[in-house]
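**Student:** Below: one structure in structure tokens.
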Amino acid sequence: MKAIIRKLSVSSVVFLAGSFCAFDAAAQCGTGAGDGHSTMNNASSALSRSVPLRASAKTPFFQSSNEQGESSVSIVGFWHVVFTSQGTTNPPIPDGAVVDQGFSQWHSDNTEILNSSRPPVIGSFCLGVWTKTGRYTYSLNHFALSFNPDGSFQGVANIHENVALSADGNSYSGSFSIDQYDTQLNLLAHIVGNITATRITVNTKPTDLF
């Protein structure tokens, strides 16, 4: 348990380059001393190695048949999600760095909630809405309220995901973007990358996820 807590603490530091580096202090996070990048690389590498995604079940979820007799599955359910940076330059985050992970619940009424591994003091929940865009594809739009470490309001974050559900319904993957704004809606950060998710079932154990 202590090891898991330490891993989640590393994730919260890496996430959005230290909660977007409390940008007013800032530029120091992206342009400061050279060990910043070294620390991020080491932390991200350690975390990514500690979060293997494992298949949680072999049975397709919510299997049904349409009029043509084709089976379909649903993204509705409980998921463990991992966000990995790819092509992020504002602020600079190395490709392959795990910027966040958490638990996501997709509801049948087309709403969604994400419990992030960010420290609660800076904001760790997002609420969203989703739509199905194809047989296995989905688009998600959700929002979060972000705070500075001193508790002052930092601004709104807007997260977009475009994902594809596996044929058996037990995993999904795709792309994400995170835009963090200040209180005047000036863009502070634009983070992009890949998202992967594993379905959580009544039989899933922590060792299946971490």
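Rule-based calculations on the coordinates, nothing more; no lab input. Computed from a predicted structure; not experimentally measured. Don't worry about glycine lacking a Cβ; one is built from the backbone with ideal geometry, like all the others, and counts go over all protein chains shown.
**Student:** Output ³J(HN,Hα) for the stretch 112-121: one whole-Hz value per residue in order, computed from phi by the Karplus curve 6.51 cos²θ - 1.76 cosθ + 1.60 with θ = phi - 60°, and x for Gly and Pro.
**Tutor:** 8, 9, 10, 9, 7, 8, 5, x, x, 4
**Student:** Starting from the amide H of N90, placed 1.01 Å from N in the peptide plane, find each other amide H under 5 Å away whose residue is 5 or more places distant or on another chain.
**Tutor:** H190
**Student:** Still on this structure, I have one more. Please work out whether the stretch 91-148 counts as rounded, prolate or oblate from its C-alpha gyration tensor, where a ≥ b ≥ c are the square roots of the eigenvalues and a/c under 1.5 means rounded, while otherwise a/b larger than b/c means prolate and anything else oblate?
**Tutor:** Taking the square roots of the gyration eigenvalues as a ≥ b ≥ c, the stretch 91-148 is oblate.
**Student:** Same structure again: Using a 10 Å cut-off on Cβ atoms, rank the peptides 156-162, 203-209, 81-87 from the highest mean neighbour count down.
**Tutor:** 81-87, 156-162, 203-209
**Student:** Classify the stretch 110-210 from the C-alpha gyration tensor, please: rounded if a/c falls under 1.5, else prolate or oblate depending on whether a/b exceeds b/c.
**Tutor:** It comes out oblate by the Cα gyration axes.
**Student:** In debye, nearest 20, what is the charge dipole magnitude of the stretch 115-210 about its Cα centre with +1 on Lys and Arg Cβ and -1 on Asp and Glu Cβ, if you could check?
**Tutor:** 320 debye
**Student:** What's the local net charge at G193, with K and R +1, D and E -1, over the other residues with C-beta under 15 Å away?
**Tutor:** Once all neighbours under 15 Å are counted, the net charge is -4.
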